[in-house]
Each structure stands twice: as structure tokens, then as C-alpha cells.
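Visitor: There's a structure below that I have some questions on.
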Amino acid sequence: MLVMGILNVTPDSFADGGINFDVNTAIARGRQMAAEGANIIDVGGESTRPGADRVTPEEEQARVIPVVKALAEDGFQVSIDTMHAETARLAVQAGATIINDVSGGAADPQMFATVAELKCTYILMHWRGHSKVMNSKAVYGDVVSEVISEVLAQVGKAVLAGVGRERLVIDPGIGFAKDADHNWEILRRLDEFTELGFPVLIGHSRKRFLGGAEPSDREASTVEVTKSLVGRGIWGVRVHGVKANVEAIRS
Ligand code: PMM
């Protein structure tokens with residue numbers, strides 16, 4: 001199971017309080033995560049915390065591109081966490097090899113064509129809308145089957161746009177338009193996702209459904225969930241606390 005270390009280059013990220021906002025600090029933090037055993041460094045410049053404001057692609061690019069470039073030049077595998085096709089393109093040109101799109105191609109109509117052209121790995125996450133509206137969309141009959149059918153619909157569109165199926169990673173989008181029960185149900189029934197035949201990424205780290213008032217209170221439960229994922233055919237976990245999660249996987 002791969003470990004993707006989260007490097008949010010934002011002033012308002014909910015889980016790390018925006019401590020990585022300064023570019024040089026972010027680069028140093030990325031290097032530290034790689035040293036702690038992260039296989040991929042996931043660089044993002046737009047907070048997806050519930051209620052967060054959008055950033056313009058230009059602002060996002062100013063935050064992330066120097067960080068992507070420096071870490072890729074160091075030889076680390078870098079993913080770009082963006083919903084903007086143009087940011088994805090610039091990041092890949094700067095050395096990123098994976099596009100991590102929390103909107104699963106739904107936010108930017110150019111995304112799938114861009115991925116098809118860039119021929120990189122694409123993480124397609126389940127998504128029902130931007131941060132300001134997503135909580136109101138956490139309504140399901142059977143959460144697992146609805147998430148799967150919505151993910152597969154986006155997979156179909158990606159393939160139609162020329163994205164090779166072998167380039168796709170899917171992600172159920174823990175915490176995105178889902179309440180706590182939905183998230184736990186997805187984690188219980190992960191087999192239904194892995195059986196689809198795509199690599200599966202899980203991003204549970206420090207999210208609200210784990211309980212605890214502050215994100216920093218959720219590190220122990222994050223590690224417990226990571227442990228519970230070992231041996232279940234998951235491709236990777238996206239986490240803040242690289243060291244503790246790497247140790248949990250290896251133990
Ligand atoms: N969660 C966040 C941001 N990006 N990407 C993927 N693929 N999966 C996720 O679950 C995910 C993501 C929000 O969390 P953060 O603000 O702590 O990064």
C-alpha cells in the first residue's frame with residue numbers, strides 16, 4: 001500500500017492550519033515527508049475544507065508550481081491536487097506524474113481531454129459539488145452503490161475523452177458529500193470498490209467523521225483506519241502524518 005503525503009500549500013487548509021503556506025517551508029516539508037517514507041507527495045493549492053472559498057487558477061498555480069518543480073527535481077514522485085485542467089498541465093510540465101482531481105473531472109470541462117493529452121496517472125474521486133454545497137448533497141439510498149455508479153459514470157466520460165483505463169485510480173471521496181455514517185459504510189464495504197478492477201486510493205486522514213474537536217485530535221484514529229486497510233487490496237492512502245502511517249503499515 002502506497003503512502004501519499006499531503007502537502008497543502010494553502011493559508012486555510014483545515015487539517016494542518018495552513019502551516020505549509022510559505023513555498024520554502026512547503027518544499028522542506030515535502031522533503032521531510034519523503035524522508036519519512038512517503039511514496040508520493042500530493043501538492044495542493046486549493047482548500048477543499050467544507051465551506052472553503054475557491055481560488056483562481058492563477059493564484060493556485062503561484063502557490064503550487066514552484067513546490068512541484070523543486071520536489072520533482074529532487075527525484076520524488078509528485079501528484080498535483082487540483083480541479084483545474086490548466087494547473088494540472090503546468091504541474092505535469094513542472095514534473096508531476098499524477099493528477100489528483102477531487103472533482104473526478106466534473107469541475108473543469110477540459111480536465112479529461114488534458115489528462116488524455118498528458119498521458120499521466122489520474123486519480124478520479126467521487127464528488128457531488130464544491131465545498132460550499134457538498135454537505136447538503138450527502139443524501140443517499142445505498143451510499144456504496146450510488147458512489148460506485150457515479151464514479152463509473154465519470155470513468156466512462158474519461159475513457160470516451162481518450163484517457164486510458166490503465167491510467168485511472170479511483171477514490172470514494174471520504175468526507176465529500178458524505179456524513180460520518182456514509183464514510184464508515186464505505187470503509188466497511190471497500191471490497192465493492194476494489195472489485196471494480198481499478199487501483200483504489202483512500203483519503204481518511206484527520207477528517208471530521210473520525211471524531212475529536214480538532215484535526216490534530218484525529219491522528220490516532222487516522223492511524224487505526226490505515227491499519228484496518230492493510231491487506232484489503234487498497235492501492236494507497238493519502239495522509240498528513242506520514243511517519244506514523246508508514247509505521248502502522250509496516251508493523
Ligand atoms: N481529500 C482532501 C483533498 N484531496 N484527494 C483525494 N484523492 N482524496 C481525498 O480524500 C482528498 C483529496 C481534503 O483533505 P485535506 O484538506 O486534509 O487535504
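The values are calculated or read from the model by the stated rules, or taken from the named source; none is laboratory data. It should be emphasised that the depicted structure is a prediction, and the values quoted were computed from it without experimental measurement. In this analysis, Cβ positions are derived from the backbone assuming ideal geometry, glycine residues included, and neighbour counts consider all displayed protein chains. When the accessible area is computed, the model is the full protein with side chains, heavy atoms only, and any ligands, DNA or RNA have been set aside. Shrake-Rupley method; radii C 1.70, N 1.55, O 1.52, S 1.80 Å.
Visitor: Among residues other than V163 whose Cβ falls under 10 Å from its Cβ, what is the net charge (Lys/Arg +1, Asp/Glu -1)?
Guide: Counting the neighbours of V163, the net charge comes to +2.
Visitor: I'd like the accessible area for D53, computed on protein heavy atoms only with a 1.4 Å probe and all protein chains in place. Round to 10 Å², please.
Guide: Answer for D53: close to 100 Å² accessible.
Visitor: Could you point to the residue in V151, F209, Y140 farthest towards the positive end of the range 135-219's charge dipole, with +1 and -1 charges on the Cβ of Lys/Arg and Asp/Glu respectively?
Guide: It is V151.
Visitor: While we're looking at this one, here's another question. Please give the charge dipole size of the range 119-251, origin at the Cα centre, charges +1 on K and R Cβ atoms and -1 on D and E Cβ atoms. Round to the nearest 20 debye.
Guide: The dipole magnitude comes to about 460 debye.
Visitor: Taking a probe of 1.4 angstrom, what is the accessible area of V133 in Å², to the nearest 10?
Guide: Accessible area of V133: about 60 Å².
Visitor: Now a separate question. With all distinct Cα pairs included, what does the Kirkwood hydrodynamic radius of the range 1-128 come out to in Å, to one decimal, could you say?
Guide: 14.3 Å
Visitor: Sticking with this one: Sorted by mean Cβ packing within 10 Å, highest first, what order do the peptides 181-187, 92-98 take?
Guide: In descending order of packing, they fall as 92-98, 181-187.
Visitor: If you average the C-alpha positions of the range 197-231 and of the range 25-94 separately, how far apart do those two centres end up, in angstrom?
Guide: Value for the Cα centre distance between the two parts: 21 Å.
Visitor: Still on this model: Which Rg and Dmax, in Å, describe the Cα atoms of the chain?
Guide: 16.5, 47
Visitor: When only C-alpha pairs under 8 Å and at least 6 residues apart count, what is the relative contact order of the chain, in percent?
Guide: Relative contact order, the chain: 20 percent.
Visitor: Return one whole number: the accessible area per residue of the range 73-188 in Å², for a 1.4 Å probe.
Guide: In whole numbers, the range 73-188 has 40 Å² accessible per residue.
Visitor: Another question, then. Keeping every protein chain in place, order M1, M33 by accessible area at 1.4 Å, biggest value first, i.e. largest first.
Guide: The ordering from most to least exposed comes out as M1, M33.
Visitor: Shifting gears a bit: D108: net charge of surrounding residues, Cβ under 15 Å, Lys/Arg +1, Asp/Glu -1, itself excluded?
Guide: -4
Visitor: Can you give the relative contact order of the range 64-213 as a percent, counting alpha carbon pairs under 8 Å and 6+ residues apart?
Guide: 20 percent
Visitor: Could I ask something else about it? Can you pull the percent of the range 108-250's accessible area that's carbon plus sulfur, 1.4 Å probe, other chains left in place?
Guide: 52 percent
Visitor: Which of A26, L90, M4 sits closest to the plus end of the dipole of the chain, meaning its Cα is farthest towards the positive end, when Lys and Arg get +1 and Asp and Glu get -1 on the C-beta?
Guide: Working it through, the farthest residue towards the positive pole turns out to be M4.
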